[in-house]
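Visitor: Input: one structure, supplied below.
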Amino acid sequence: MKPLHAAGLLLLPISAAILLNAQPTQAPDHPAVTVHGQTYTPQLILARNMGSDVDQTTAFPPHKIAGNIYYVGTRTLSSFLIVTPQGNILIDSTYERNVPVIEKSVQQLGFKFSDIKILLGSHAHGDHQEGDALVKQKTGAQVMAMAEDIPALKAIKPGGKEHPVDRALHDGDSVSLGGTTLIAHLTPGHIRRCTTWTMKIKEGGKSYNIVINGSLRPPTVLTPAISDELNRSFRVVRSLPCDIQLGDHPAQYNLQTKFAKLKANATNPFVDPAGCNVETDIQEAMFHAILDEQKRE
């Protein structure tokens with residue numbers, strides 16, 4: 001497999017072991033779609049999102065994105081810290097083995113890990129929320145999750161730990177702390193419980209809308225129910241006011257390229273309204289291509 005340049009990122013060949021952990025290697029790698037001049041297949045998207053084992057566990061340089069939101073995740077697994085005067089909010093604990101990595105990133109930014117008061121997530125997969133129990137153990141944070149996601153979260157028990165859930169959320173619910181409010185939007189499809197988060201921040205005297213996308217990557221088999229859910233989710237995400245788009249995998253918002261442009265007193269590269277729906281365009285095109293293939297079979 002040759003390297004593919006997509007949205008400013010270099011996608012390197014992925015090992016069989018990585019694909020084995022994420023989807024069956026014997027599955028045909030089709031269909032292919034071309035969006036904004038780049039070609040994608042299901043396995044290329046998966047490789048782009050997950051990277052190698054090292055990528056998944058190595059800290060990306062922690063940094064301020066805008067306003068009071070910071071990146072504290074790894075090279076390929078996002079984790080966001082939202083800082084408020086009354087304590088902080090963490091979105092996505094990722095794998096349990098990454099919790100010390102996230103803790104160190106939080107500390108490098110000058111914040112205390114113990115100041116995390118609320119823990120949120122994108123969806124109940126281990127690479128996004130396996131570390132919830134350990135974060136709660138270390139910080140005492142209140143764990144809040146979309147009600148539809150709770151049964152799957154409860155099944156994630158690293159080392160036998162019970163998965164904590166202190167508050168069940170529903171579509172449109174708000175989570176507030178220290179003057180910051182996040183809104184939970186149910187956007188199923190990738191799995192049937194994904195959450196997209198929105199919030200407003202202020203920077204340089206301006207107000208910006210942030211959208212933190214849960215994955216919209218369609219499964220390889222689409223049932224009528226899943227198709228209906230994805231169609232609804234695409235409509236929901238496209239309707240959200242957006243100046244800064246983030247995602248549960250950094251590649252979904254071109255983190256590497258934007259971070260490279262991040263300089264003091266320069267235009268913030270994360271403010272990118274024109275790019276807010278690029279990831280949605282990719283996943284919606286793949287969804288329709290998979291659906292068309294199924295209809296022809």
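The values are calculated or read from the model by the stated rules, or taken from the named source; none is laboratory data. None of these values were measured; they are calculated from a predicted model. Using ideal geometry, Cβ is built from the backbone for each residue, glycine included, and neighbour counts are taken over all protein chains shown.
Visitor: Is it the case, given these coordinates, that residue 183 is under 20 Å from the mean Cα position of the chain (by Cα), on the phi < 0 side of the Ramachandran plot and assigned to a loop (DSSP other than H, G, I, E, B)?
Guide: Spelling it out, it is not the case that residue 183 is under 20 Å from the mean Cα position of the chain (by Cα), on the phi < 0 side of the Ramachandran plot and assigned to a loop (DSSP other than H, G, I, E, B).
Visitor: Go through the range 141-158 and give me each residue that's within 18 Å of residue 127 (Cβ to Cβ) and assigned to a helix (DSSP H, G or I).
Guide: Passing the criteria: 149, 152, 153, 154, 158.
Visitor: Let me ask something additional. Go through the range 19-35 and give me each residue that's in contact with a helix residue (DSSP H, G or I) (Cβ under 6 Å, 6 or more places away or on another chain) and either at pLDDT 50 or above or among the β-branched types (Val, Ile, Thr) (or both).
Guide: 25, 29, 31, 33, 35
Visitor: State the number of residues belonging to the range 215-234 that are surrounded by 17 or more Cβ atoms within 10 Å (Cβ to Cβ), of a type outside the set (Asp, Glu) and out of contact with any helix residue (DSSP H, G or I) (no Cβ under 6 Å at 6 or more places or on another chain).
Guide: Of the residues in that region, 4 qualify.
Visitor: Anything in the range 138-160 that is without any contact (Cβ under 8 Å) to a residue 40 or more places away in the chain and more than 14 Å from residue 90 (Cα to Cα)? List them, or say none.
Guide: 147, 150, 151, 153, 154, 155, 156, 157, 160 - these are the residues of the range 138-160 that are without any contact (Cβ under 8 Å) to a residue 40 or more places away in the chain and more than 14 Å from residue 90 (Cα to Cα).
Visitor: Examine the range 217-237 for a residue that is touching a residue at least 24 places away in the same chain (Cβ under 8 Å) and within 18 Å of residue 70 (Cα to Cα), and state whether such a residue exists.
Guide: no
Visitor: Can I ask one more? Kindly list, by first and then second residue, each pair from a residue in the range 57-85 that is more than 18 Å from residue 244 (Cβ to Cβ) to a residue that is in a loop (DSSP other than H, G, I, E, B) and aromatic (Phe, Trp, Tyr), limited to pairs with Cβ atoms under 7 Å and residues at least 6 apart or on different chains.
Guide: That search, which allows pairs on different chains as well, returns 74/60; 75/60.
Visitor: For the range 84-109, which residues satisfy the criterion of being surrounded by fewer than 24 Cβ atoms within 10 Å (Cβ to Cβ), part of a loop (DSSP other than H, G, I, E, B) and of a type outside the set (A, V, I, L, M, F, W, C)?
Guide: 85, 86, 95
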